[in-house]
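Coordinate-derived values only; no laboratory data. The shown structure was predicted, so the numbers you read here are calculated from the model rather than taken from an experiment. No Cβ is skipped: glycine too gets one built from the backbone with ideal geometry, and neighbour counts run over all protein chains shown.
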Amino acid sequence: MKVAVIGAGYVGLTTAACLAHLGHEVVCADLDESRVAKLNTGEIPILEEGMPAIVEEGLTSRRLRFVVGAANAAAGADCIFICVATPQGDDGAADMKYVEAAAREIAPVLAPGSVVINKSTMPVGSSRFVQRILDESGPALDRVTVASNPEFLREGQAVRDFLNPDRIVIGCDDPAAAVRVSELYSGLRAPVLVTDPASAEMIKYASNAFLATKISFINAIANLCEAVDADVREVALGMGYDRRIGFEFLKPGPGYGGSCFPKDSAALLHTAQVNGYSFDLLEGVIEVNRKQYEHMVNKITQGAGGSLNGAVIGVWGLTFKSDTDDLRDSPSMLISERLLNAGAIVQAYDPAGADKAKQMLPGLEIRTDAYDAATGADVVAVLTEWDEFRWLDFDRLRGLVSKPVIVDARNLLDPAAMRRRGFQYSGVGR
Ligand code: NAD
Ligand code: UGA
């Protein structure tokens with residue numbers, strides 16, 4: 001099929017490259033000219049495992065190309081994916097301005113019978129919203145249908161997740177259009193759930209909110225474990241063996257972050273509010289998450305002897321999780337900002353996000369590696385779970401720090417091994 005993808009970010013680029021891999025002819029559009037130029041030479045603007053190879057494959061086979069401008073991709077396409085950002089607005093709701101702009105751009109060139117597919121995370125009612133924009137902005141077209149097809153990939157493993165989905169959700173009132181969307185994925189083995197647009201849109205928000213709930217729940221249990229001297233890792237293991245609970249998303253940490261859980265939980269709360277439902281559970285999830293950042297700042301403050309003013313903090317990891325370069329709503333960045341505001345000197349190292357982090361938080365002192373970040377530190381704070389932090393020479397580290405204090409917000413290190421080397425070690429919930 002001829003496919004257009006609007007937006008060449010984490011979701012758009014993955015969608016475009018993977019659909020080309022599955023045999024479709026894909027044109028992917030972005031506004032950013034330099035991003036498009038780089039992509040056409042195989043240069044990948046984000047850190048994503050497997051992306052360089054799959055983009056290269058698409059370019060070589062000529063099934064994948066990149067253009068500037070949504071209309072240039074959408075003209076002549078059978079299916080047009082909208083994959084632009086839907087950031088959090090001031091009132092918590094998803095800001096639909098990029099979606100609206102993309103829909104207005106493509107409307108005049110859409111072919112009769114084509115399907116516009118909302119893949120960005122959009123609130124309930126967005127299929128109707130996009131349909132209305134298309135109707136307003138394009139010629140009176142015969143049967144351009146809008147379908148919701150939310151995406152469930154995780155950053156860092158986007159290609160793998162896209163090609164091995166747990167499910168494919170298609171929300172569309174027109175059965176023929178739903179079949180066409182499902183045919184795009186015929187090379188994949190996954191259950192396909194065809195439903196109405198509102199339910200598809202709600203499935204996406206409910207899934208993210210549920211995962212966020214698991215994380216806040218285990219963070220709350222972790223904090224309680226600290227009070228009663230239990231080990232949250234043992235607790236999560238013991239819970240996870242119950243197949244109704246499972247092992248996934250029970251890792252305690254500094255609170256969830258990233259470009260999705262925080263904004264999507266806020267947007268779902270907003271949907272509840274405007275519909276007169278008081279979603280106390282979700283409010284609690286968000287509040288527990290906010291307090292978890294504070295909890296980490298408090299641990300670091302205690303580690304520094306009670307005051308951050310003038311304290312040197314070695315921060316390991318700035319991205320919102322490992323294996324991505326994404327800093328959006330990163331717990332580490334939020335915590336680092338708090339440390340800086342309290343007068344600390346923050347020496348940070350991150351394998352993928354350091355340059356952008358410096359632009360976002362100019363007060364950070366960016367260091368070349370984990371040892372460099374820890375040199376002269378009063379506290380070393382492990383804020384992102386990059387694997388390389390596990391395999392350091394901790395005897396060497398002991399000689400570099402000013403005070404041997406580690407706050408491990410990811411439970412990445414072995415407490416006994418750290419204490420043997422003379423470190424005062426504080427993890428999460430153990
Ligand atoms: P992103 O910011 O990485 O990418 C969006 C891209 O769209 C940018 O490159 C931007 O330049 C481009 N763009 C904006 N307007 C455009 C237009 N009119 N024409 C062409 N290009 C345009 O965003 P993302 O992380 O890929 O997220 C996109 C959507 O997918 C969001 O709704 C998000 O919630 C959802 N989502 C994201 C993930 C994820 O892991 N990042 C996973 C599932 C769903
Ligand atoms: C998340 C979802 O997992 C995807 O299914 C979804 O498509 C995506 O959001 C989205 O809608 O954009 P992602 O944000 O890439 O994907 O990252 P996750 O791996 O889910 O992690 C999110 C945050 O939760 C990170 O800060 C991570 O460190 C934290 N987390 C995750 C925990 O603290 N504990 C866990 O057990 C799991």
Check: What is the dipole size for segment 196-430, taken about its Cα centre, with +1 at each Lys and Arg Cβ and -1 at each Asp and Glu Cβ, in debye to the nearest 20?
Finding: 420 debye
Next item on the list: Quick one: compute the contact order of segment 196-430, relative version, from alpha carbon pairs under 8 angstrom and 6+ residues apart, as a percent.
Entry: 21 percent
Note to self: If neighbour count is taken as other Cβ atoms inside 10 Å, put Arg410, Arg65 in order from fewest to most.
What the structure shows: Arg65, Arg410
Margin query: Through the Karplus equation 6.51 cos²θ - 1.76 cosθ + 1.60, θ set to phi - 60°, convert the phi angles of segment 412-427 into ³J(HN,Hα) values in whole Hz; use x for Gly and Pro.
Written below: 8, 9, 8, x, 5, 5, 5, 5, 4, 7, x, 7, 7, 10, 10, x
Note to self: Can you compute 3J(HN,Hα) from phi for each residue in segment 249-263, using the Karplus curve 6.51 cos²θ - 1.76 cosθ + 1.60 with θ = phi - 60°, rounded to whole Hz and x for Gly and Pro?
What the structure shows: 6, 10, 8, x, x, x, x, 6, x, x, 7, 10, 4, x, 6
Check: Using a simple spin-label model with points 7 Å from Cα along the Cα→Cβ vector, what separation in nm is obtained for Asp91 and Asp242?
Finding: 4.0 nm
Check: Based on the Cβ-Cβ distance of Glu57 and Asp387, what FRET efficiency does E = 1/(1 + (r/R0)^6) give at R0 = 35 Å, to the nearest 0.05?
Finding: 0.85
Check: Looking at the chain, how many pairs of lysines come closer than 18 Å at the Cα, when each pair is eight or more places apart or spans two chains?
Finding: 19
Check: Long-range amide H contacts for Cys28: which residues qualify at under 5 Å (H placed 1.01 Å from N, peptide plane, sequence gap of 5 or more or a different chain)?
Finding: Val5, Arg65, Phe66, Val67
Next item on the list: Take every Cα pair under 8 Å in the chain that's 6+ residues apart, average their separations, divide by the length, and report that relative contact order as a whole percent.
Entry: 12 percent
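Based on the mean of other Cβ atoms within 10 Å per residue, sort peptides 125-136, 185-196, 212-223 so the most packed one is first.
Peptide ranking by packing, descending: 212-223, 125-136, 185-196.
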Margin query: If amide hydrogens are placed 1.01 Å from N in the peptide plane, which non-local residues have theirs closer than 5 Å to the one on Gly376?
Written below: Val401, Ser402
Check: Looking only at Cα atoms, what is the convex hull volume of segment 196-430 per residue, in Å³?
Finding: 140 Å³
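Report, in deg cm²/dmol and to the nearest 500, the calculated mean residue ellipticity at 222 nm for the chain, where each DSSP H run with n ≥ 4 adds -39500 (n - 2.57) and the sum is divided by the residue count. It would help to have the intermediate numbers written out before the result.
On the way: 17 runs with 189 residues, N = 430.
The per-residue figure over the chain is -13500 deg cm²/dmol.
Between Asp369 and Arg167, what length in nm is gained on full extension when 0.36 nm per residue of separation is reduced by their alpha carbon distance?
On the way: separation 202, 0.36 × 202 = 72.72 nm, distance 3.97 nm.
Working it through step by step, the gained length comes to 68.8 nm.
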Next item on the list: Mind giving me the nanometre distance, one decimal, between the label points for Glu33 and Arg420, set 7 Å out from Cα along Cα→Cβ?
Entry: 6.0 nm
Next item on the list: Grab the beta carbon distance between Glu234 and Ser307, set R0 = 30 Å, and tell me the FRET efficiency rounded to 0.05.
Entry: 0.35
Notebook entry, point to check: So, in Å, what gap is there between the alpha-carbon centers of segment 109-182 and segment 350-373?
Noted result: 38 Å
Checklist line | Dipole moment magnitude, nearest 20 debye, the chain about Cα centre, only Lys, Arg, Asp, Glu C-beta charged | finding: 540 debye
Item checked: DSSP bridge pairs, the chain: antiparallel proportion in percent, nearest 5 -> 5 percent
Item checked: Net lengthening on full extension, Val194/Arg154 (0.36 nm per residue, minus Cα-Cα) -> 12.2 nm
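How much length would be gained if the chain were fully extended between Asp395 and Ser186, taking 0.36 nm per residue of separation minus their Cα-Cα distance, in nm to one decimal?
Additional length available on full extension: 69.9 nm.
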Notebook entry, point to check: Tell me, what ³J(HN,Hα) does each residue in segment 288-295 have, in order and in whole Hz, if you take phi through Karplus 6.51 cos²θ - 1.76 cosθ + 1.60 with θ = phi - 60° and put x for Gly and Pro?
Noted result: 4, 5, 4, 5, 5, 4, 4, 4
Next item on the list: State the Cα centre-to-centre distance between segment 85-104 and segment 219-240 in whole Å.
Entry: 38 Å
